[in-house]
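Visitor: Quick one: this structure, given as structure tokens, is what I'll be asking you about.
The values are calculated or read from the model by the stated rules, or taken from the named source; none is laboratory data. The shown structure was predicted, so the numbers you read here are calculated from the model rather than taken from an experiment. No Cβ is skipped: glycine too gets one built from the backbone with ideal geometry, and neighbour counts run over all protein chains shown.
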Amino acid sequence: MSSPPHAGHSPEALPLLDDIDEPVRVPLKIEDWLTVLVMGALALITFANVIARYFTNQSFAWTEEFSVFLMIVLALVGSSAAVARDRHIRIEYFSDSGSMARRKTLARLGAVLVALLFTLIGVLSIRLVWDDYRFGETSPGIGIPQWWYSIWLPVISIGIALRAVGLFIRRGRRA
């Protein structure tokens with residue numbers, strides 16, 4: 001009688017196949033650490049605001065504005081990680097059925113569409129940043145230049161588009 005695979009190891013100690021990232025040229029740790037930093041900043045800001053409200057019955061005016069900005073950054077960074085790891089939303093009934101050639105074609109089509117969408121968002125949002133800068137728009141809550149917030153939309157959108165291009169290339173190589 002042969003021993004089962006991975007005999008002597010507890011199931012908790014074995015890495016799941018889904019937990020292993022495929023090799024990429026630009027490390028996925030970038031998105032992972034940005035997520036940690038943004039979540040940490042959100043937690044600290046919220047905690048400071050709760051403490052201030054508890055002891056003074058007033059809140060910091062800047063926290064809501066900055067928290068909304070950080071949540072948008074978090075969503076975009078999470079989108080980048082999802083695209084790079086091929087975990088974006090799809091209907092698996094269609095994407096995982098059929099022949100290998102069909103699945104590969106659908107995976108590459110999805111990557112191309114994501115790349116096109118976020119390239120379009122990135123290019124169009126450059127105009128938004130320029131208008132914010134040119135007209136001297138300020139944020140409604142604390143009055144800082146609005147472009148300080150909006151500059152991150154084209155930057156991260158182009159990053160997502162590049163992650164999608166990388167996914168397209170990797171899905172083309174896979175047999």
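Visitor: Name every residue in the range 19-34 that is surrounded by 13 or more Cβ atoms within 10 Å (Cβ to Cβ) and in contact (Cβ under 8 Å) with a residue 24 or more places away in the chain, in order of residue number.
Guide: Applying the first criterion (surrounded by 13 or more Cβ atoms within 10 Å (Cβ to Cβ)) to the range 19-34 yields 21, 24, 28, 30-32, 34.
Matches in the range 19-34: Asp21, Val24, Leu28, Glu31, Asp32, Leu34.
Visitor: Determine which single condition Leu128 fails, assuming it passes every other condition in (1) under 21 Å from Glu31 (Cα atoms); (2) modelled with pLDDT of 90 or more; (3) in contact with a Leu (Cβ under 8 Å, 6 or more places away or on another chain).
Guide: The number of the failed condition is (1).
Visitor: Something else: Of the conditions (1) free of Cβ contacts under 8 Å to residues at least 40 places away in the same chain; (2) crowded, with 17+ Cβ neighbours inside 10 Å; (3) under 20 Å from Leu153 (Cβ atoms), Leu106 fails just one. Which one is it?
Guide: Unmet for Leu106, out of (1) free of Cβ contacts under 8 Å to residues at least 40 places away in the same chain; (2) crowded, with 17+ Cβ neighbours inside 10 Å; (3) under 20 Å from Leu153 (Cβ atoms): (3).
Visitor: Which count do you get for residues in the range 28-64 that are in contact with a helix residue (DSSP H, G or I) (Cβ under 8 Å, 6 or more places away or on another chain), among the hydrophobic types (A, V, I, L, M, F, W, C) and either part of a loop (DSSP other than H, G, I, E, B) or at positive phi (or both)?
Guide: Pass one, the range 28-64, residues in contact with a helix residue (DSSP H, G or I) (Cβ under 8 Å, 6 or more places away or on another chain): 28, 31-32, 34-35, 38-39, 41-42, 45-46, 48-49, 58-60, 63.
With among the hydrophobic types (A, V, I, L, M, F, W, C) added as a condition, the list becomes 28, 34, 38-39, 41-42, 45, 48, 60.
With the extra rule that they be either part of a loop (DSSP other than H, G, I, E, B) or at positive phi (or both), the set shrinks to 28, 60.
Number of matching residues: 2.
Visitor: Now, a different point. Go through the range 77-91 and report how many residues are touching a residue at least 60 places away in the same chain (Cβ under 8 Å) and charged (D, E, K, R).
Guide: The total comes to 2.
Visitor: I'd like to check something: does the range 139-154 contain any residue that is touching a strand residue (DSSP E or B) at 6+ places or on another chain (Cβ under 8 Å) and either in a helix (DSSP H, G or I) or under 25 Å from Glu22 (Cβ atoms) (or both)? Let's see the steps before the verdict.
Guide: So in the range 139-154, the residues touching a strand residue (DSSP E or B) at 6+ places or on another chain (Cβ under 8 Å) come out as 139, 144-146.
Remaining after also requiring either in a helix (DSSP H, G or I) or under 25 Å from Glu22 (Cβ atoms) (or both): none.
No, that holds for no residue.
Visitor: Next up: Of the residues that sit in the range 37-48 and are free of Cβ contacts under 8 Å to residues at least 24 places away in the same chain and surrounded by 12 or more Cβ atoms within 10 Å (Cβ to Cβ), which one is nearest to the chain's Cα centre (by Cα)? Before you say what the answer is, go through the steps one by one.
Guide: Initial filter on the range 37-48 (free of Cβ contacts under 8 Å to residues at least 24 places away in the same chain): 37, 40, 43-44, 46-48.
Checking which are surrounded by 12 or more Cβ atoms within 10 Å (Cβ to Cβ) leaves us with 37, 46, 48.
On the way: Leu37: 13, Thr46: 21, Ala48: 26 Å.
That would be Leu37.
Visitor: Something else about it: Could you pull out the residue among Phe94, Phe66, Phe60 that is closer than 21 Å to Ile151 by Cβ and either within 21 Å of the chain's Cα centre (by Cα) or free of Cβ contacts under 8 Å to residues at least 60 places away in the same chain (or both)?
Guide: Numbers: Phe94 fails: closer than 21 Å to Ile151 by Cβ; Phe60 fails: closer than 21 Å to Ile151 by Cβ.
Answer to the selection: Phe66.
Visitor: Return yes or no: is Arg85 surrounded by 14 or more Cβ atoms within 10 Å (Cβ to Cβ) and either among the hydrophobic types (A, V, I, L, M, F, W, C) or at pLDDT 90 or above (or both)? Let's see the steps before the verdict.
Guide: On the way: surrounded by 14 or more Cβ atoms within 10 Å (Cβ to Cβ): yes; either among the hydrophobic types (A, V, I, L, M, F, W, C) or at pLDDT 90 or above (or both): yes.
It is true that Arg85 is surrounded by 14 or more Cβ atoms within 10 Å (Cβ to Cβ) and either among the hydrophobic types (A, V, I, L, M, F, W, C) or at pLDDT 90 or above (or both).
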